[in-house]
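Right, one structure below, let's go through it.
The values are calculated or read from the model by the stated rules, or taken from the named source; none is laboratory data. Quick caveat: nothing in here was measured; it's all calculated off a predicted structure. Using ideal geometry, Cβ is built from the backbone for each residue, glycine included, and neighbour counts are taken over all protein chains shown. These accessible areas exclude ligands, DNA and RNA; they are computed on the full protein's heavy atoms, side chains included. Shrake-Rupley method; radii C 1.70, N 1.55, O 1.52, S 1.80 Å.
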Amino acid sequence: GAVVSQHPSWVICKSGTSVKIECRSLDFQATTMFWYRQFPKQSLMLMATSNEGSKATYEQGVEKDKFLINHASLTLSTLTVTSAHPEDSSFYICSARDPGGAYEQYFGPGTRLTVT
Amino acid sequence: TQLLEQSPQFLSIQEGENLTVYCNSSSVFSSLQWYRQEPGEGPVLLVTVVTGGEVKKLKRLTFQFGDARKDSSLHITAAQTGDTGLYLCAGSRNSGNTPLVFGKGTRLSVIA
């Protein structure tokens, strides 16, 4: 299957700083990528849809000025958590659809963010 | 509103037992995916079902898509401890650029 990578796999930052998470499709081009957040023992919560070359579409309740998404190329989308606070600590996962498939999406390994 | 209802939410069984996880909706999906996720990792795609009534087998796992494409089931035969994890169903609508609709997941624990 298609491979999606994320970097970093985990990060610890101080409150008030910004953190950038990268999501890459390694063996296919993805015009659309998705960013999710997952709390312990819960399912995935969609944050935003990242579109190559245009603005991201954010889900209701997700602050677009806090969670900046940039999809500058067909293989890379970035999520920047600005002015991070402890409540932003979570597991962030991206996914991308392989255009050659039947609508399935492939997920990255996730990034564990801890804000102290 | 949870568009995909997954049941049961939690399941703890002995090794060797069989189990079935259900994913139900009142909406029609163009396709449905099943994923398995282990702690600290991203979900891994197990299967995609597209056609109503379709049955797919992956070793001891059997996936079925309902005739009306509104529901799906995952059956595991002779469960092993390695099957432990969070199982997620996700439905896709219309095109691949629309987000998947996820169920809340079934947390399976297989005890030796």
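Assorted remarks:
- Neighbouring partner chain Cβ atoms per residue of B:98-111, average, 10 Å criterion: 3
- Magnitude of the charge dipole for chain B, about its Cα centre and with charges confined to Cβ atoms of Lys, Arg (+1) and Asp, Glu (-1), is about 220 debye.
- Shielding of B:47-54 by partner chains, average beta-carbon count, 10 Å: 1
- Ratio Rg/Rh [Cα only; Rh per Kirkwood] for chain A: 0.95
- With a simple spin-label model that places each label point 7 Å from the Cα along the Cα-to-Cβ direction, the separation between A:PHE39 and B:THR81 comes to 3.2 nm.
- Sorted peptide list for B:59-70, A:20-31, criterion being average Cβ within 10 angstrom, highest first: A:20-31, B:59-70
- Considering only Cα atoms, the convex hull volume of the protein assembly as shown works out to 118 Å³ per residue.
- The residues of the protein assembly as shown have, on average, 47 Å² of accessible surface per residue, using a 1.4 Å probe with all protein chains present.
- Here the protein assembly as shown has 50 percent of its accessible surface on carbon and sulfur atoms, given a 1.4 Å probe and all protein chains in place.
- Taken residue by residue and averaged, Cβ atoms of other chains lying within 10 Å of the Cβ of A:104-114 number 5.
- Protection proxy ranking, peptides A:7-16, A:104-113, B:75-84, average beta carbon neighbours within 10 Å, highest first: A:104-113, B:75-84, A:7-16
- Note: chain B, Cα convex hull, 96 Å³ per residue.
- Protein heavy-atom accessible area occluded, B/A pair - total, 1.4 Å probe, Å²: 1700 Å²
- The distance linking region B:17-83 with region A:20-67 is 24 Å (Cα centroid to Cα centroid, whole angstrom).
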